[in-house]
Amino acid sequence: MRTIILNEPGKFERIETDAPGEPNVGEATVRVRRIGICGTDLHAFWGNQPFFTYPRILGHELGVEVVAVGDGVEGLRPGDRCVVEPYLNCGVCIACHRGKTNCCASLKVLGVHTDGGMRELINVPAIKLHKSETLSLEQLALVETLGIGAHAVQRSQAEKGEFALVIGAGPIGLAVMQFALAAGTQVIAMDVNTRRLEFCQKQMGVPMLVHAGDDETNANRLRELTNGDMPTIVFDATGHPDSMAKAFRYVAPGGKFVFVGLYQGDYTFNDPDFHRRELTLLATRNSTPQDFRNIIALMEHETIDTTPWITHRAAFDEMPDQFPSWLNAETGVIKAVIDCD
Ligand SMILES: NC(=O)c1ccc[n+]([C@@H]2O[C@H](COP(=O)([O-])OP(=O)(O)OC[C@H]3O[C@@H](n4cnc5c(N)ncnc54)[C@H](O)[C@@H]3O)[C@@H](O)[C@H]2O)c1
Ligand SMILES: [Zn+2]
Ligand SMILES: [Zn+2]
């Protein structure tokens, strides 16, 4: 069957691989029909993700169709369209026991730590499939990315009417904004990239924008927008240590600071500054099965509109040639999706 493998950084290859065998107990065989591409795939391609090993079949944002189910699988039948929740958790660690499967102590992400969906067929645990009767395969391929935002907003316990600042308007920041808007918060988007800020406003209806400058100017602008109070929730979706350090001062007293962006290094902050305002600092990672179900319901009820998300498309065989252009934010790429049909 057709497969695309990343042999080493920068080198995709189209190869033929064996089809998977019959699904085992509790598994399903699915046909991969749409694949979303995100920053993780781009980092794998560049070779700057420390935990990445090669060769690897990428693909973790998958819109799939069920082909066969193994024994003991209920509620799924051939023809069902699903999104794959790619977070393969152990089921026995403390995090799994407490329902926090998104941060399992020995988590393996399909298409990141294990071979993923850039191939025709794949066997997956049936409990990792979330189906929808009405969503398109493209919409299903967006659910995983949206999950990062949905989970971050769920962690923040955002309440209607409060000011939520989202720093970084890349795909992850946009996902956060989407759910912060759905939660009824007054969203402020901050980025250094004007084009991305315009996208937030025009395509997603984000009401307030801040073009990031020096931190004094940013803080003054935020004070103006929030009637002098500052935002009660700040999400960092940049992963840039400078921005993350500066952003501490943008949080209102008693507020929350949520790290969505990842920084591969140490991070320090001033304790009195943190204590005086009794801030809450939260990390968020991936998302849970419940987040997947919530997102599917919000999409089915058209509470969230994903039309603006997909900016680039390519056929499966064309992907290796198109992929490098998706590395460049200047092309206006938000989400590229591969059509495997
Ligand atoms: N929590 C999770 O589970 C999870 C999952 C996937 C990705 N991530 C992380 O989320 C982060 C964002 O991912 P992405 O794909 O959207 O990245 P991206 O690079 O496309 O977007 C980052 C945005 O931040 C902006 N930015 C950079 N420095 C800034 C500054 N000083 N002030 C304001 N804006 C600034 C950039 O212009 C860009 O628009 C990354 O760190 C990524 O590793 C987290
Ligand atoms: Zn992704
Ligand atoms: Zn576990």
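Pairing the Cα long axis of helix 194-204 with the longest principal axis of the chain, what angle in degrees results, from 0 to 90 and rounded to the nearest 10? Taking Cα atoms only, the helix is inclined about 70 degrees. Here the accessible area of region 58-210 is 50 percent carbon and sulfur, with a 1.4 angstrom probe and all protein chains present.
The stretch between THR194 and VAL25 holds 55.7 nm of extra length on full extension. This uses 0.36 nm per residue minus the Cα-Cα distance.
Heavy-atom accessible surface of the chain, averaged per residue, reaches 45 Å², computed with a 1.4 Å probe. By its C-alpha gyration tensor, with a ≥ b ≥ c as the square roots of the eigenvalues, how is region 14-163 shaped: rounded for a/c under 1.5, else prolate for a/b larger than b/c, else oblate? Rounded.
Sorting the segments 162-168, 261-267 by their mean number of nearby beta carbons within 10 angstrom, highest to lowest, gives 162-168, 261-267.
Placing unit charges on each Cβ (+1 for Lys and Arg, -1 for Asp and Glu) gives region 148-283 a dipole about its Cα centre, and among GLY239, PHE199, PRO272 the Cα reaching farthest toward its positive end belongs to PHE199. A Förster distance of 45 Å, applied to the separation of the beta-carbon atoms of ASP229 and LYS100, puts the FRET efficiency at 0.90. Over region 201-341, the Kirkwood radius and the radius of gyration, each from Cα atoms, give a ratio Rg/Rh of 1.03. Close lysine pairs were tallied over the chain: pairs 8 or more places apart or on different chains with Cα atoms under 24 Å apart number 15. Around the Cα centre of region 87-132, unit charges on the Cβ atoms of Lys, Arg, Asp and Glu (plus for the first two, minus for the last two) sum to a dipole of about 200 debye.
Applying Stokes-Einstein at 10 °C and 1.306 mPa s to the Kirkwood radius of region 22-62, computed over alpha-carbon pairs, gives a translational diffusion coefficient of 130 µm² s⁻¹. On a 0 to 90° scale, report how tilted helix 171-182 is relative to the longest principal axis of the chain, with both axes built from alpha carbons and the result rounded to the nearest 10. Its long axis makes an angle of about 70 degrees. Surface composition of region 225-298: carbon plus sulfur atoms contribute 51% of the solvent-accessible area (1.4 Å probe, protein chains only, all chains present). When the chain is described by a simple charge dipole with +1 on each Lys and Arg Cβ and -1 on each Asp and Glu Cβ, the residue from ASN286, THR311, GLY39 located farthest towards its positive end is ASN286. Seen against the Cα atoms of the chain and their longest principal axis, helix 137-156 is set at about 40 degrees. Each Lys and Arg adds +1 at its Cβ and each Asp and Glu adds -1 at its Cβ; summed about the Cα centre, the chain shows a dipole of about 520 debye. Distance distribution note for region 148-283: the fraction of Cα pairs above 18 angstrom is 48%. Put a dot 7 Å past the Cα of THR331, heading toward its Cβ, do the same for CYS90, and the two dots end up 3.9 nm apart. Expressed as a fraction of 2.2 N^0.38 Å, the value expected for a compact globular protein of N residues, the C-alpha radius of gyration of the chain is 1.00. Charge dipole of region 148-283 (Cα centre as origin; +1 on each Lys and Arg Cβ, -1 on each Asp and Glu Cβ, all else neutral): 360 debye, rounded to the nearest 20.
The values are calculated or read from the model by the stated rules, or taken from the named source; none is laboratory data. These numbers come from a predicted model, not from an experiment. With ideal geometry, Cβ positions are generated from the backbone for all residues, glycine too; neighbour counts draw on all protein chains shown. Accessible surface areas use protein heavy atoms only, side chains included; no ligands, DNA or RNA. Shrake-Rupley method; radii C 1.70, N 1.55, O 1.52, S 1.80 Å.
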